[in-house]
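To keep things clear, I will list the structure first and then write my remarks on it.
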Amino acid sequence: MTKPDGGLGHSRAAWACNRVEQHDLPIEAARAGHRPSQAVLLRALQDVWYRFCVGLLNDPERARDAVQETAVRFLKALPGFRGEARVTTWSMGIALNVVREMRRTAGRTRQDDGTIADGRPAPGEGPAGLAELGEARGRVRELIETLPERQREVVMCRYFEEMSVEETARAMGCAEGTVKATLFQALRALKAKLG
C-alpha cells in the first residue's frame, strides 16, 4: 500500500470516495477476490482511513498502523459486504473499531505541541494569518481531545469526514438518535470550553 498523504484537505480523498461510490471501481470483483480490483479499492480508501484515524489517534505513526490493520480487516470482511451502506461508510466502521482497539491496548496519546495532526497550518493571509489559523486549529484539536471518546468519534465523523447522521450511526454501530444526542453533548461541551 502506498503511504497516505496525511493532509487535511478533502480533494484527493473526496475524489477517491466519489469514484468508489459511483461504482467506477470494481467492488463486485474485489468482493469475489480479484486481487487487482482489491488493490484499486484499497488505494481509493486509504487516504480517507488515514485522515480519520489520525484525527482520532492524533499520532501519524499509529494512524498508519491503524490504516494497515483496517486494510487487512476490510479485505477479510469484503466478501460479506452486502451493499446496505456505502462502501466508504461501511469501511469507516472497520477503521473505527481498529482505533478503539488500539486505544484500549496502548492508551491514548496526544501531540504535545498543540498542532493539528499533520503539523501544517491551513492556508491564510500571509505569515501572520498562517500562524493564527495554526493556533486556532491547534486549540480546536486540543479541545476535541478533551472530549470523551464517543463524543470525539461523533465529531470526527460528522465534521471532519462530513458523514451524515445516518452514515455516522452505521459506522459507529448505534442509533441515529444516539448520534444526535452525543453530538449535541459534544458541541455543548466545546462551547462551554470556548467560553
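The values are calculated or read from the model by the stated rules, or taken from the named source; none is laboratory data. Keep in mind that this is a model prediction, so the values were computed, not measured. Note that we place each Cβ from the backbone using ideal geometry, even for glycine, and neighbour counts take in every protein chain shown. Accessible surface is based on the protein model in full, side chains and every heavy atom, while ligands, DNA and RNA are left aside. Shrake-Rupley method; radii C 1.70, N 1.55, O 1.52, S 1.80 Å.
Considering the conditions (1) under 22 Å from I94 (Cα atoms); (2) surrounded by fewer than 20 Cβ atoms within 10 Å (Cβ to Cβ); (3) modelled with pLDDT of 90 or more, F160 is excluded by exactly one of them, (3). Looking at segment 122-144, is at least one residue in contact with a helix residue (DSSP H, G or I) (Cβ under 7 Å, 6 or more places away or on another chain) and modelled with pLDDT under 60? Yes; the residues of segment 122-144 include at least one that is in contact with a helix residue (DSSP H, G or I) (Cβ under 7 Å, 6 or more places away or on another chain) and modelled with pLDDT under 60.
Taken over segment 163-195, the criterion of being open to solvent by 60 Å² or more (accessible area, probe 1.4 Å) and out of contact with any helix residue (DSSP H, G or I) (no Cβ under 8 Å at 6 or more places or on another chain) is satisfied by F184, R188, K191, A192, G195.
Listed residues A85, A66, A71; which is touching a helix residue (DSSP H, G or I) at 6+ places or on another chain (Cβ under 7 Å), touching a residue at least 24 places away in the same chain (Cβ under 8 Å), aliphatic (A, V, I, L, M) and not in a helix (DSSP H, G or I)? Step by step, each of A85, A66, A71 is checked, and only A85 is touching a helix residue (DSSP H, G or I) at 6+ places or on another chain (Cβ under 7 Å), touching a residue at least 24 places away in the same chain (Cβ under 8 Å), aliphatic (A, V, I, L, M) and not in a helix (DSSP H, G or I). Does Q111 satisfy being at pLDDT below 90, at negative phi and either crowded, with 19+ Cβ neighbours inside 10 Å or not in a helix (DSSP H, G or I) (or both)? Yes; evaluated as a whole, the condition is true for this residue.
Go through R51, R43, R31 for me and flag whichever is surrounded by fewer than 23 Cβ atoms within 10 Å (Cβ to Cβ), within 26 Å of V155 (Cα to Cα) and in contact (Cβ under 8 Å) with a residue 12 or more places away in the chain. None of the other options fit; the residue is R43.
Among the residues of segment 63-83, what is the count of those that are aliphatic (A, V, I, L, M), over 14 Å from the mean Cα position of the chain (by Cα) and surrounded by 19 or more Cβ atoms within 10 Å (Cβ to Cβ)?
1
Number of residues in segment 147-162 that are out of contact with any helix residue (DSSP H, G or I) (no Cβ under 7 Å at 6 or more places or on another chain) and not acidic (D, E) equals 2.
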